[in-house]
1. Over the chain, what relative contact order in percent results from Cα pairs under 8 Å that are six or more residues apart?
2. How much length, in nm to one decimal, is gained on full extension between R44 and V124, taken as 0.36 nm per residue of separation minus their Cα-Cα distance?
3. Divide by every residue of the chain the summed helix terms, -39500 (n - 2.57) for each DSSP H run of at least 4, and state the resulting mean residue ellipticity at 222 nm, rounded to the nearest 500 deg cm²/dmol.
4. Give the long-range amide H neighbours of L252: residues separated by 5 or more places, or on another chain, with amide H under 5 Å away, using H modelled in the peptide plane at 1.01 Å from N.
5. Label V336 and T37 with points 7 Å out from Cα along Cα→Cβ: what is the distance between them in nm?
6. Select one label from (1) 1.04; (2) 1.13; (3) 1.01: the one whose number is Rg/Rh (Cα atoms, Kirkwood Rh) as derived from the coordinates shown.
7. Are there any helices in the chain, counted as whole DSSP H runs, that stretch 18 Å or more along their axis by Cα and score at least -0.5 on average by Kyte-Doolittle, and if so which?
8. Which value, in debye to the nearest 20, describes the size of the charge dipole of segment 235-315 about its Cα centre when Lys and Arg Cβ atoms bear +1, Asp and Glu Cβ atoms bear -1, and nothing else is charged?
Amino acid sequence: MALLAFALLLGACSRAEVFRQEAYVFGTRVDVSVYGTDPAEARRAMDAVLREFDRLHAAYHAWQPSELTRLNEALARGESMEVSEELAMLLHDAQQMAVTGDELFDPALGRLIALWGFHTDEFVPVVPDAEALRTLIDARPRMADLRIDGRRVSSANPLVQIDLGGYAKGYALDRAAAILRGMGIANALINIGGNVMALGAKGEQPWRIGIQHPREPRPLATLPLYDGEAIGTSGDYQRYFELDGERYTHLLDPRTGRPARGTQALTVLITPREGAGTLSDGPSKPAFIAGDGWREYTRRFGIDHALRVDADGRVEVTRALRARLQWVGDSRADAVVD
């Protein structure tokens with residue numbers, strides 16, 4: 001009886017709680033939360049995730065010395081380069097994603113991103129020279145120019161410059177989920193600058209997250225996020241500058257070479273599937289850039305849960321996602337689409 005009482009006492013003292021760690025990686029704040037009873041186990045798992053984020057950040061940085069910048073330098077010289085298995089896989093996947101999205105989001109546009117001044121942590125507002133912009137657009141660097149032969153990568157176009165900034169956060173979510181599950185963590189929430197993935201739940205309740213209002217410091221809506229689901233938003237409020245009263249976002253339209261217009265924010269929720277984290281990142285970009293044609297591009301990626309805020313603040317949401325949302329304040333859906 002004494003042993004039983006002691007065991008019950010220990011059980012009462014080991015109540016589950018949320019353990020959190022934060023860091024700054026990929027140019028944004030990251031937050032890893034683990035729900036459990038063992039703080040040491042949670043800390044080890046979160047440390048492992050943050051170490052992996054640091055590794056990915058160092059390996060695939062778009063403008064600081066990395067494996068990716070070495071590849072870009074080789075491509076600019078017209079040379080091929082043997083890359084890591086992981087980078088070859090990422091490039092192949094991003095290449096297929098670009099094709100699916102009609103190349104509206106194309107990671108080969110690193111030179112264009114640099115031309116607009118977004119290849120720096122603190123960019124200076126500047127509109128590129130029109131002639132330089134036209135020269136680059138006419139050259140049409142794109143992922144289709146890459147030849148990936150095993151681990152050997154080359155390009156038919158020396159102006160191809162890879163920037164995985166709109167893809168890597170999603171891949172990092174998948175890596176984090178794999179690490180946590182491999183360490184026996186069943187319940188966690190990973191947030192990389194608004195790209196979020198859920199494992200399990202927070203006790204008896206699902207994890208709950210907010211969709212940022214693109215023009216106000218509050219959520220537009222909240223929703224539960226269930227085991228294996230991921231959500232991501234592309235918005236003109238994340239990386240941008242204003243010049244002469246005009247907003248210039250880092251989300252560039254490859255057809256014009258200029259910042260995309262017509263959309264303030266585009267959110268996609270990915271139901272449980274392989275690569276859910278990756279799909280929460282890249283596929284929101286072509287939908288954002290497509291403007292009024294956004295729903296066609298979410299369908300191409302098999303995404304049924306999506307929400308768009310257009311340039312005038314009008315909210316369009318798919319029927320599937322509307323059923324999950326709890327609106328905040330006076331927010332509402334102006335249109336529901338299938």
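1. Relative CO of the chain lands at 15 percent.
2. 24.9 nm
3. So the helix-based figure for the chain works out to -10000 deg cm²/dmol.
4. A260
5. For V336 paired with T37, the spin-label model returns 4.3 nm.
6. Among (1) 1.04; (2) 1.13; (3) 1.01, the one derived from this structure is (3).
7. Qualifying helices, which must be both long enough and hydrophobic enough, are 39-59, 85-100, 168-182.
8. About 220 debye.
The values are calculated or read from the model by the stated rules, or taken from the named source; none is laboratory data. Computed from a predicted structure; not experimentally measured. Because the Cβ atoms are built from the backbone with ideal geometry, glycine has one as well, and the counts that use them run over all protein chains shown. For accessibility, only protein heavy atoms count, side chains too; no ligands or nucleic acids. Shrake-Rupley method; radii C 1.70, N 1.55, O 1.52, S 1.80 Å.
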